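Data first, discussion second: the structure below is written as structure tokens.
The values are calculated or read from the model by the stated rules, or taken from the named source; none is laboratory data. Because the structure is predicted, anything quoted here is derived from the model rather than measured. Cβ sites come from the backbone with ideal geometry, for glycine too, and all protein chains shown count toward neighbours.
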Ligand SMILES: Nc1ncnc2c1ncn2[C@@H]1O[C@H](COP(=O)(O)OP(=O)(O)OP(=O)(O)O)[C@@H](O)[C@H]1O
Ligand SMILES: [Mg+2]
């Protein structure tokens, strides 16, 4: 009897296996998923843990999920020392290898006393057996609220911040597009990798002024909620002005490196018109600095009417340069004013707008008023404090018997940090600090002599102008008398 039953059971199993074998693969999958679904449900009733799944791709658009990418970076940064099996990803231009958990690996993460488990999972789906990856987050039922409301947000924010820190920053410049076809073909901006060595440590300037700028920048970068509260778009304008070679461009690079922002170097003369200007603004990303260098000669934006005499004096070359630049552009002052602080400026957030100029007095007051250029920073000639930073950076010395002489001479003679830096830079291995400092003293003496001769020359021209004016007055009097 028993043998008969066993034989029947064996036949039943053999029949079932035969039927299973001839059924198509997709039926197996459906059946497996059916079993899995109800098995997981059953486990859910008895198991005190909850599970949250983060798929790598959003089904409808087959777009990589931002949440998955952020979790991947977070786990890569926070758990690669815990996971036993890792996979290394090297992205193009990435500064370092990124390690992530390998498939089917599990790690534990603790956050504010709550323990959670992360598993990196893969399922095979669809007729062509695609691999579908997902992360599964497991936590205890009692921590459900904290995990779903606080922890997951922390992971996504942290993952995004890691992405920003490790992203390859870019330097963009606007393309001179004549037609819509140009815009379609080349886009409005083209970019290169931005790697400039200038930092606030290498920037030589008065330490107090430097600290003030650093605090201003750091406060700005942390003021998202504050700007929202006061109803202002999260942007800030900086006007850097001063003679050539005083560090304006170096300051911009130092700002970008400090805040890890991209730079959009906007060449106004290449912008067709105000519409083109707005289009350029719309296509800039947040966390960026929009720079307009030498704003005074980008376009004719000087609002003040120059006196006839002044106008004549402006040398022909400068006028030709401006005329040439303006040919291609119909950007107007009002277009620029709206670009900086009009409705358009609200598109996008967390951006700095920086102007540089060598002639701040020439600029229209409306262009540089607070709210547009919130902070005006004068980059001036080299003072003793600035010189000491350059000596430290270029010669690795913090004191020397020649410093006193140099300090005195810098007080008497105007020399830009660029010129001082050039003198301090050793041109050969034999040029030790002493020789470079003596070279600088020689340059300062020469500059002093040149300044003295120029002052004499200016005196002569001034005296001559006054003489001419007297003669003009006399002639006018004679005409009146006659
Ligand atoms: N304050 C500074 N600190 C350190 N280096 C400086 C400073 N100013 C100028 N330099 C050096 O001089 C060179 C020119 O500086 P930079 O291009 O920043 O001057 P700039 O003010 O932008 O000049 P311009 O007005 O002609 O554009 C740079 O290579 C930089 O290293
Ligand atoms: Mg410059």
Does residue 48 satisfy the condition of being exposed (fewer than 10 other Cβ atoms within 10 Å of the Cβ), touching a helix residue (DSSP H, G or I) at 6+ places or on another chain (Cβ under 8 Å) and more than 20 Å from residue 159 (Cβ to Cβ)?
yes
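Report yes if some residue within region 194-206 is outside any helix (DSSP H, G or I), within 13 Å of the chain's Cα centre (by Cα), free of Cβ contacts under 8 Å to residues at least 40 places away in the same chain and surrounded by fewer than 18 Cβ atoms within 10 Å (Cβ to Cβ); otherwise report no. Spell out the reasoning first.
First, the residues of region 194-206 that are outside any helix (DSSP H, G or I): 194-206.
Next cut, within 13 Å of the chain's Cα centre (by Cα) only: 194-196.
Subsequent filtering for residues that are free of Cβ contacts under 8 Å to residues at least 40 places away in the same chain retains 195.
The next check asks that each one be surrounded by fewer than 18 Cβ atoms within 10 Å (Cβ to Cβ); those that pass are 195.
Yes, some residue in region 194-206 is outside any helix (DSSP H, G or I), within 13 Å of the chain's Cα centre (by Cα), free of Cβ contacts under 8 Å to residues at least 40 places away in the same chain and surrounded by fewer than 18 Cβ atoms within 10 Å (Cβ to Cβ).
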Taking region 238-247, which residues are surrounded by fewer than 23 Cβ atoms within 10 Å (Cβ to Cβ) and touching a strand residue (DSSP E or B) at 6+ places or on another chain (Cβ under 6 Å)?
239, 242
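Among 388, 414, which is in contact with a helix residue (DSSP H, G or I) (Cβ under 8 Å, 6 or more places away or on another chain) and surrounded by fewer than 16 Cβ atoms within 10 Å (Cβ to Cβ)?
On the way: 388 fails: surrounded by fewer than 16 Cβ atoms within 10 Å (Cβ to Cβ).
Unique residue meeting the criteria: 414.
Out of all the residues in region 367-381, which are assigned to a loop (DSSP other than H, G, I, E, B), more than 16 Å from ligand 2 (Cβ to nearest atom) and under 21 Å from residue 206 (Cα atoms)? First the steps, then the outcome.
Applying the first criterion (assigned to a loop (DSSP other than H, G, I, E, B)) to region 367-381 yields 367-374, 379-381.
Still in the list and also more than 16 Å from ligand 2 (Cβ to nearest atom): 367-374.
The answer is 374, and nothing else.
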Which count do you get for residues in region 148-166 that are free of Cβ contacts under 8 Å to residues at least 24 places away in the same chain and either crowded, with 17+ Cβ neighbours inside 10 Å or within 15 Å of the chain's Cα centre (by Cα) (or both)?
1
From the option list 230, 213, single residue qualifying as under 30 Å from residue 269 (Cβ atoms) and more than 10 Å from ligand 1 (Cβ to nearest atom) is 213
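Check region 341-348 and report whether any residue there is part of a loop (DSSP other than H, G, I, E, B), away from ligand 2 (no atom under 16 Å from the Cβ) and at pLDDT below 65.
As a first pass, look at region 341-348 and keep what is part of a loop (DSSP other than H, G, I, E, B): 342, 347-348.
From what's left, away from ligand 2 (no atom under 16 Å from the Cβ): 342, 347-348.
The next check asks that each one be at pLDDT below 65; those that pass are none.
Within region 341-348 (the criterion being part of a loop (DSSP other than H, G, I, E, B), away from ligand 2 (no atom under 16 Å from the Cβ) and at pLDDT below 65), the answer is no, since none of the residues qualifies.
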Among the residues in region 19-28, are any within 22 Å of residue 106 (Cα to Cα) and out of contact with any helix residue (DSSP H, G or I) (no Cβ under 7 Å at 6 or more places or on another chain)?
no
Counting only residues that are assigned to a helix (DSSP H, G or I), modelled with pLDDT under 90 and closer than 20 Å to residue 57 by Cα, how many does region 128-177 have?
2
Going through region 26-52 one residue at a time, which ones are over 30 Å from residue 144 (Cα atoms) and without any contact (Cβ under 8 Å) to a residue 60 or more places away in the chain?
27, 28, 30, 31
Picked from region 356-379 (must be surrounded by fewer than 18 Cβ atoms within 10 Å (Cβ to Cβ), more than 15 Å from residue 292 (Cα to Cα) and within 15 Å of ligand 1 (Cβ to nearest atom)), the residue nearest to the chain's Cα centre (by Cα) is 378
Only residues in region 348-362 that are farther than 17 Å from residue 260 by Cβ count as the first member; pair them with residues that are modelled with pLDDT of 90 or more and more than 16 Å from ligand 1 (Cβ to nearest atom), Cβ under 6 angstrom, at least 6 apart or cross-chain, and list the lot.
353/237; 353/290
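Over 38 Å from the mean Cα position of the chain (by Cα), assigned to a loop (DSSP other than H, G, I, E, B), free of Cβ contacts under 8 Å to residues at least 12 places away in the same chain and surrounded by fewer than 16 Cβ atoms within 10 Å (Cβ to Cβ): which single residue out of 430, 398 fits that description? Break it down stepwise before answering.
Working: 398 fails: over 38 Å from the mean Cα position of the chain (by Cα).
Result of the check over 430, 398: 430.
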Residue 177 fails exactly one of (1) loosely packed, with under 15 Cβ neighbours inside 10 Å; (2) more than 30 Å from residue 382 (Cβ to Cβ); (3) not assigned by TED's automatic domain parsing to the domain that holds residue 68, namely (1)
